[in-house]
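Please read the structure below before turning to the comments.
The values are calculated or read from the model by the stated rules, or taken from the named source; none is laboratory data. Being a predicted model, the structure only gives us computed values, none of them experimental. Reconstructed Cβ throughout: ideal geometry from the backbone, glycine too, with neighbour counts over all protein chains shown. Surface accessibility is based on the protein's heavy atoms, side chains included, excluding ligands, DNA and RNA. Shrake-Rupley method; radii C 1.70, N 1.55, O 1.52, S 1.80 Å.
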Amino acid sequence: LKGTWHITLPAALPGYVAGMKQGWAFSWRSLMAAEIIASFPDLGVGLGQLLENARTASDMAMVFEAILLILFVGIAIDLLVFSPLERWVLRSRGLLVR
């Protein structure tokens, strides 16, 4: 049990972080798809619904703005949450030089 806690889990931590990063990307895309498919007026307008409303209204400027906003949020979460976590884990395991 101590070997698992002190050797196996720390060795697997970089893989766990990579899996969390991929899970975030998949869930973000799924959320946008779900918002495009289903709308609930009680919850307000999400980014996916904003994109769908702009597409329906043929407002290409708003479509591009919604796409850029979705991209910005995805990249921001990656840069602010997962990249620092990944660097910390890799550095603490001696797998990152800088």
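Identify all residues within the stretch 51-79 that are out of contact with any Lys or Arg (no Cβ under 8 Å at 6 or more places or on another chain), farther than 20 Å from F26 by Cα and part of a helix (DSSP H, G or I); write none if there are none. So that I can check it myself, show each step before the final result.
So the first thing to find is which residues in the stretch 51-79 are out of contact with any Lys or Arg (no Cβ under 8 Å at 6 or more places or on another chain), and the list is 51-62, 64-77, 79.
Narrowing the set further to residues that are farther than 20 Å from F26 by Cα leaves 53-62, 64-65.
Scanning the stretch 51-79 gives N53, A54, R55, T56, M60, A61, M62, F64, E65.
For L47, the conditions (1) in contact (Cβ under 8 Å) with a residue 24 or more places away in the chain; (2) open to solvent by 40 Å² or more (accessible area, probe 1.4 Å) are fulfilled apart from (2).
Hey, any hits in the stretch 1-17 for a residue that's within 11 Å of the chain's Cα centre (by Cα), in a helix (DSSP H, G or I) and modelled with pLDDT of 90 or more? Taking every residue of the stretch 1-17 in turn, none turns out to be within 11 Å of the chain's Cα centre (by Cα), in a helix (DSSP H, G or I) and modelled with pLDDT of 90 or more. Just the residues that are farther than 27 Å from M20 by Cα, among the β-branched types (V, I, T) and open to solvent by 40 Å² or more (accessible area, probe 1.4 Å), please, taken from the stretch 50-73. Residue satisfying the conditions is T56 alone. Every condition in (1) free of Cβ contacts under 8 Å to residues at least 24 places away in the same chain; (2) open to solvent by 80 Å² or more (accessible area, probe 1.4 Å) holds for M20 except the one numbered (1). When you scan the stretch 27-41, do you find a residue that is open to solvent by less than 60 Å² (accessible area, probe 1.4 Å) and assigned to a loop (DSSP other than H, G, I, E, B), even just one? Yes, the stretch 27-41 contains a residue that is open to solvent by less than 60 Å² (accessible area, probe 1.4 Å) and assigned to a loop (DSSP other than H, G, I, E, B).
Does the stretch 74-91 include one or more residues that are touching a helix residue (DSSP H, G or I) at 6+ places or on another chain (Cβ under 7 Å), open to solvent by 70 Å² or more (accessible area, probe 1.4 Å) and on the phi < 0 side of the Ramachandran plot? Among the residues of the stretch 74-91, not one is touching a helix residue (DSSP H, G or I) at 6+ places or on another chain (Cβ under 7 Å), open to solvent by 70 Å² or more (accessible area, probe 1.4 Å) and on the phi < 0 side of the Ramachandran plot, which makes the answer no.
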